[in-house]
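Working notes for the structure below.
The values are calculated or read from the model by the stated rules, or taken from the named source; none is laboratory data. Since the structure is predicted, the reported quantities are computational estimates derived from the model, not experimental observations. In this analysis, Cβ positions are derived from the backbone assuming ideal geometry, glycine residues included, and neighbour counts consider all displayed protein chains. Remember, those area values only see protein heavy atoms, side chains included, never the ligands or the DNA or RNA. Shrake-Rupley method; radii C 1.70, N 1.55, O 1.52, S 1.80 Å.
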Amino acid sequence: MIHMPYDPPQDDPVVVHQDDDILVIDKPSGLLSVPGKGDGKQDSLITRLQARLPQVRLVHRLDCDTSGVIVFALTPQAQAHLGQEFEYRKTQKRYIALVSGHPAEDRGRVDLPLCVDWENRPKQHVDFDKGKPAQTDWRVLGHEGENARMLLKPLTGRSHQLRVHMLSMGHPILGDPLYASGAAVAYPRLMLHAEELRLRHPTTGAAITFRAPVPF
């Protein structure tokens with residue numbers, strides 16, 4: 001198992017949207033979505049939110065090192081509705097990443113099954129025998145020196161999916177402490193941001209899109 005130091009940012013989370021049913025936050029990089037295992041990892045986004053709004057309920061998570069849009073429920077009914085939205089892949093998620101190198105094509109899809117790498121937890125890896133299906137659509141938005149800015153759309157929601165899929169292409173996400181190596185690690189944060197989340201509102205049923213500006 002790999003042990004990573006945990007030094008979360010202390011700034012208050014930015015509220016993107018709040019109503020009677022849902023709370024949408026722009027999560028900073030370096031803050032756990034929920035408390036982690038072990039000493040010193042109790043500080044998390046949901047514990048901070050529940051200190052102010054005890055009714056906040058978990059719907060989904062973002063990796064500690066990933067920033068961007070994350071939605072919480074404020075009622076049991078909203079939690080159930082949103083849980084189904086994610087389980088049945090009715091949500092649409094859009095991420096922006098900076099990766100090492102230039103992909104040979106302009107766009108494509110990675111379709112590689114993933115599962116936990118038990119000897120190197122929390123890392124995940126491609127495993128055709130035990131892995132669960134995982135698909136990611138990607139598109140190059142532009143080149144920035146020796147790197148590329150990518151639009152990533154996960155069609156499934158596996159742990160570390162975008163990070164492992166980009167690594168499998170030979171283009172690890174910059175600043176990734178688990179999957180990048182060499183010069184690609186030497187960044188102040190993981191260059192992965194959940195820019196946009198589209199879902200149906202629990203009460204109105206209206207399709208609604210939430211966005212958080214890319215900080216890099």
Quiz item: Using a cut-off of 23 Å between alpha-carbon atoms, which lysines can reach K123, once sequence neighbours fewer than 8 places away in the same chain are excluded?
Solution: K27, K37, K41, K93, K132, K153
Quiz prompt | Heavy-atom accessible area order for Y88, Y179, largest first, 1.4 Å probe | solution = Y88, Y179
Quiz item: Toward the positive end of the charge dipole of region 72-179, about the Cα centre and with charges on Cβ (Lys, Arg +1; Asp, Glu -1), which of F128, L152, V164 goes farthest?
Solution: L152
Quiz prompt | Candidate values (1) 13.7; (2) 12.8; (3) 12.2, label of the one derived for mean projected area of the Cα convex hull in nm² | solution = (3)
Quiz prompt | Probe 1.4 Å, accessible area per residue of region 100-144, Å² | solution = 67 Å²
Quiz item: Just by accessible area at a 1.4 angstrom probe, what is the order of E195, E119, E144, E85 from largest to smallest?
Solution: E119, E144, E195, E85
Practice problem: Quickly work out the S181-to-T75 label distance, labels modelled 7 Å from Cα along the C-beta direction, and quote it in nm with one decimal. | Solution: 5.2 nm
Self-check item: HN-Hα J in Hz across region 14-27 - Karplus 6.51, -1.76, 1.60, θ = phi - 60°, x for Gly and Pro
Solution: 7, 7, 8, 7, 8, 9, 6, 10, 9, 10, 10, 10, 9, 6
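Let me know the charge dipole size of the chain about its Cα centre in debye, to the nearest 20, where only the beta-carbon of Lys, Arg (+1) and Asp, Glu (-1) is charged.
Using only the charged Cβ atoms, the result is roughly 440 debye.
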Exercise. With a cut-off of at most 13 other beta carbons within 10 Å, and DSSP calling the residue loop, which trypsin sites (Lys or Arg not before Pro) in region 78-187 qualify? Please list them.
Key: R89, K90, K130
Self-check item: FRET E, pair T47, F128, Förster distance 45 Å, beta-carbon r, rounded to 0.05
Solution: 0.75
Practice problem: With a point put 7 Å past each Cα toward its Cβ, work out how far R121 is from D11 in nm, to one decimal. | Solution: 3.3 nm
Quiz item: If you roll a 1.4 Å probe over region 1-79 with all protein chains in place, what percent of the accessible area is carbon or sulfur?
Solution: 49 percent
Quiz item: Residues of region 31-56 with amide nitrogen under 16 Å from the 7 Å Cα-to-Cβ point of M1?
Solution: 35-42
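For region 1-57, which trypsin sites (Lys or Arg not before Pro) are both in a DSSP coil and crowded by at most 10 other Cβ atoms within 10 Å?
K37
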Quiz item: Mind checking the dipole of region 87-162: about its Cα centre, +1 per Lys or Arg Cβ, -1 per Asp or Glu Cβ, Debye to the nearest 20?
Solution: 440 debye
